[in-house]
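Below is one structure, written out as structure tokens, with a few remarks after it.
The values are calculated or read from the model by the stated rules, or taken from the named source; none is laboratory data. Here the structure is a predicted model, which is why all the values come from computation and not from measurement. Quick reminder, even Gly has a Cβ in these numbers, built from the backbone with ideal geometry, and neighbours come from all protein chains shown. Note: accessible area is taken over every heavy atom of the protein model, side chains too, but ligands, DNA and RNA are not part of it. Shrake-Rupley method; radii C 1.70, N 1.55, O 1.52, S 1.80 Å.
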Amino acid sequence: MTDPMPSPKNFSLVDLIERHELRLMVEACHKACGVAVSIKDVDDDQVLVGAGWQVICAGYHRVHPVSRERCIQSQNRPFTPGAGMEVQDMLCHNGLRHLSFPMLVDGRHIATYYLTQFFYDTDVRDTDAFEAQARELGFDEEEYLAALAEVPVLSRERAQEIISYMGTFSRLITDLATRNLRLKLALQENERIQTRLRETTALTESILNVIASPLFLKDRSGVYTGCNDAFSTFLERPREEFIGKGVFDLYPEVEARKYFEMDEALMAADVVQMYDFRMSRKDGAVREVMFSKAATHDAHGKVSGIVGVITDITERNQVARALRESQERYRFLAENSADIIWRLDQEHRFIYASPADERLRGFHYTEVLGQSLWDAVHPDHVGLMRQRCQDFLASFAHTPGPDPMRVETPLVIKGGGSLWVEILCNPVREDDGAICGYHLVARDITQRKSYEEELVFMSTHDALTGLYNRAHFEAEFSRAAQGRVLPVSVIMADVDGLKTVNDLQGHAAGDELIKGAAEILRKSFRAGDLVARLGGDEFAVLLVGADESIVAESLRRICAEIGACRLQRDPGAPRLSLGAATARTPEELESVLRLADQRMYENKTAHKTGQL
């Protein structure tokens, strides 16, 4: 049962042309002109289809309610009736150029065709106004201006060419809609055409042999009455062997029965019939074929026979089967792989995500498709990832087939957190070699990164106290000396009585004493200060940019922490001997460590002699 025809007074464009077909047309137009294209319904202000929308519109103007309303107001400017309702050329209320074309069906304006989101090369791009708009609407100003920079620019000459093309294209769409609207009216005309087709049957007979595909004719009883040379060659039989014979005279019983039943059904229904089958030839070979058949009629309109065309699809089916098997193998591997497998389009948008993506990141593939690769990468690493991709593409200018890109980066996990992966990337190419997308394989390396971080920590930290070790202290001191950031101060500390504790209470007690001293030093300094255990009972603190007054305050904090421990009558509270020195010139840097160490030993001597 066919759908009721929409009333000419209330139909919309999608009543006349499938939305999918409109989308294909709009995408083709976008590819042809390089700017955003859309079609909007006149009555309900709905954007029916669109392609090529710029980030500044899709990500900003159409998102914020204020700028969205400005877009709608810009697009609702009425056309002047008459004179073909000419194209409108204007700047929208958000500052971008757009062209609009009315789409008329039977004289009624039902939709508007937009060529939008661009600038003329003669337009003055008022950056100050866009900056003010970003501040007004709360956009990230830097990202908003970056999106503005991506807006395409057309010369007016190019725009005129596009206007001419778009006008023609708009008329093409409306003409198609008009034809669909009038389709039912054409049924009566179709009957007249059928009459003419019957009158031209005699002419058809004379041109059969110029048709490359095998073609045959049968009468009402199923007897072959004619064919072209291609049919005879395909069956490897001279036409004398089958003209005047039926299918049961020429083919095996099962095959002949199929042909007979299909012919009878065709003539009874009087419709075009298409089906695939396996056809036997004289030499016994079997070919896979597609039959396309229709009934023929006499001068009175009655079914008089059949005309049929055979298409050999053996090789096509073999290729299709091989392709299907390949796709099934690929899908099996992709859907059962522990690694994430992605397919991206040329704009780095996901068009396939394997189930491993959901297992590892928690996003269902329906949440991923259409997103950008940059949405999956942790925000702190998007810039680096973009640069790596740009460098990879640039390498094709020097090496046609460079090695796959390998990069390590964290990915966003649903619900928060990140997942470290190693990504292997290869381009997908068209037949002409042009890159049309990318294949990515992402392997989970989170555990490996954790091990690496642990190794780095172990290489720079003391295992007992968790403070930095001697190697890291010396490396940072050398870096500070080379950087010439003055003044540079050093505090040296030594745990008093460690040997006695080790001898009387054991090394475990000595270790606790060392850890207590480390905790006092840790509490006494900021997170950015470098506190290190040099080994044994020795500690050191590096203070870059700190003068004597800051050092004196630091020493007071240490003494205060020691005093607090002793007030608690902690029998394991450590006591520290301290020494400090400050270098204000590059020459003093050479002796600052030695001087701080000397002062520390002087302090220790004073402790032993009871002077402190």
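Using 29 Å as the Cα-Cα cut-off, could you pick out the over-long pairs in LYS414/LYS515; LYS258/LYS282; LYS258/LYS302; LYS245/LYS302; LYS31/LYS293? From LYS414/LYS515; LYS258/LYS282; LYS258/LYS302; LYS245/LYS302; LYS31/LYS293, over 29 Å: LYS414/LYS515; LYS31/LYS293.
To the nearest ten degrees, helix 382-394 and the longest principal axis of the Cα atoms of the chain are 60 degrees apart.
For segment 458-507, carbon and sulfur atoms together expose 54% of the accessible surface, with a 1.4 angstrom probe and every protein chain in place.
Computed extension length for THR122-GLU241: 35.2 nm, one decimal, from 0.36 nm per residue of separation with the Cα-Cα distance subtracted. Per residue, the solvent-accessible area of the chain (1.4 Å probe, heavy atoms of protein chains only, all protein chains present) comes to 56 Å². A simple packing score, the average count of other Cβ atoms within 10 Å per residue, orders the peptides 120-127, 437-444, 145-152, 98-105 as 98-105, 437-444, 145-152, 120-127, with the highest score first. Rounded to the nearest 10 degrees, the inclination of helix 65-75 to the longest alpha-carbon principal axis of the chain is 30 degrees.
Counting only alpha carbon atoms, the long axis of helix 586-609 and the longest principal axis of the chain meet at about 50°.
Rounded, prolate or oblate: which fits the chain, taking a ≥ b ≥ c as square roots of the Cα gyration tensor eigenvalues, rounded meaning a/c under 1.5, else prolate when a/b beats b/c? Judged from the Cα gyration tensor, the chain comes out prolate (a/c at least 1.5, a/b above b/c). Working note: 222 nm ellipticity from helices only, DSSP H runs with n ≥ 4, each -39,500 (n - 2.57), summed and divided by the residues of the chain, gives -14000 deg cm²/dmol to the nearest 500.
A straight chain from ASP391 to THR233 at 0.36 nm per residue would run longer than the Cα-Cα distance by 51.1 nm. Counting only DSSP beta bridges with both residues in the chain, what percent are antiparallel, rounded to the nearest 5? Antiparallel bridges: around 95 percent, rounded to the nearest 5.
Just to verify a number: FRET efficiency for ASP106 and LYS31, C-beta to C-beta distance, R0 = 30 Å, to 0.05? Step by step, r from the Cβ atoms, then E = 0.50.
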